[in-house]
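Encoded as structure tokens, the structure appears first; notes follow it.
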Amino acid sequence: LVATNSVWIFHHRAPPTWDEDFYLRATERFYQVLQEGRFDVFLHEFSRALGGAKAPLVTLLPLPFYWLFGSSYDAAQVANLLLVIIFNFVFYQFIRELGQPKTVAVLAVIITGTMPLAYGISRLVMADYALMLAVTAWLRCLVKSQYFTNTRYNIWLGVIGGLGLLLKTLFPLYIIVTAIVALLRRLERSDDWQQLVRDVGLMVILAYSI
């Protein structure tokens, strides 16, 4: 997938359209403002990025590659390619956390990465692959937290949840069912409501603080 996308980036010359264009226009604006050293303007515009219609974090992801390679669609595509690589690694780790052998984890990565929809969005500079990464990382931390009983991973759940909200305002919809199941499993193990409220409250506060 990485190899074919790298070749595609080299040969693809069509300009971005629709949501890609929407995001990358904001990225270009941020790049120019930061190049000029106007950090106050950047913070002001980022807080109002995309007209409030979409979560703005995805517009920042190509910026490091703009500074390395210059402002271009290809540089933005490299940022997206890195997300694909990181997602595959985190997804593999998630499957392993579920107790599956390495062969199953590798097979899961291959099947997921080559599904037509996943393959298609791997070539689009939009929020989708970053969102897939955030959801998978959140689920992995949920497994590691042992149903919200591990404070360290509860903190990570809050941080990843906050970043997920900055990627997609509907991020909670992707995790709500699993979160409810985990809460019910937690209550089966212990009926200490006060501790449960503290653990989950910490996670929620962190997410919305970010």
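The values are calculated or read from the model by the stated rules, or taken from the named source; none is laboratory data. Fair warning: this is a prediction, and the values are worked out from it, not measured in the lab. Cβ placement follows ideal geometry from the backbone for every residue including glycine, while neighbour counts extend to all protein chains displayed. Accessible surface is based on the protein model in full, side chains and every heavy atom, while ligands, DNA and RNA are left aside. Shrake-Rupley method; radii C 1.70, N 1.55, O 1.52, S 1.80 Å.
Please report, for the Cα atoms of the chain, the Rg to one decimal and the Dmax as a whole number; what are they, in angstrom?
18.9, 59
Can you tell me, using C-alpha contacts under 8 Å and at least 6 residues apart, the relative contact order of segment 35-121 as a whole percent?
Normalised by residue count, the contact order of segment 35-121 is 14 percent.
With a 1.4 Å probe and every protein chain left in place, work out the accessible area per residue of segment 25-167 in Å², rounded to a whole number.
Per residue, segment 25-167 has an accessible area of 49 Å².
Out of the total accessible area of the chain (probe 1.4 Å, heavy atoms of protein only), what percent is carbon and sulfur?
The computed percentage sits at 66.
Would you list, by chain and number, the lysines whose Cα falls below 27 Å from the Cα of K168, excluding same-chain residues fewer than 8 positions away?
By straight Cα distance, K168 reaches K54, K144.
Please sort through the DSSP H helices of the chain and keep those with an alpha-carbon extent of at least 20 Å along the long axis and a Kyte-Doolittle average not below 0.0.
Qualifying helices: 73-97, 128-144, 151-167, 171-189, 193-209.
With a 10 Å radius around each residue's Cβ, average the other Cβ atoms per peptide and rank 75-81, 63-69, highest first.
Top of the packing list down: 75-81, 63-69.
Could you calculate, for segment 92-174, the ratio of the Cα radius of gyration to the Kirkwood radius, expressed as Rg to Rh?
Ratio value, two decimals: 1.00.
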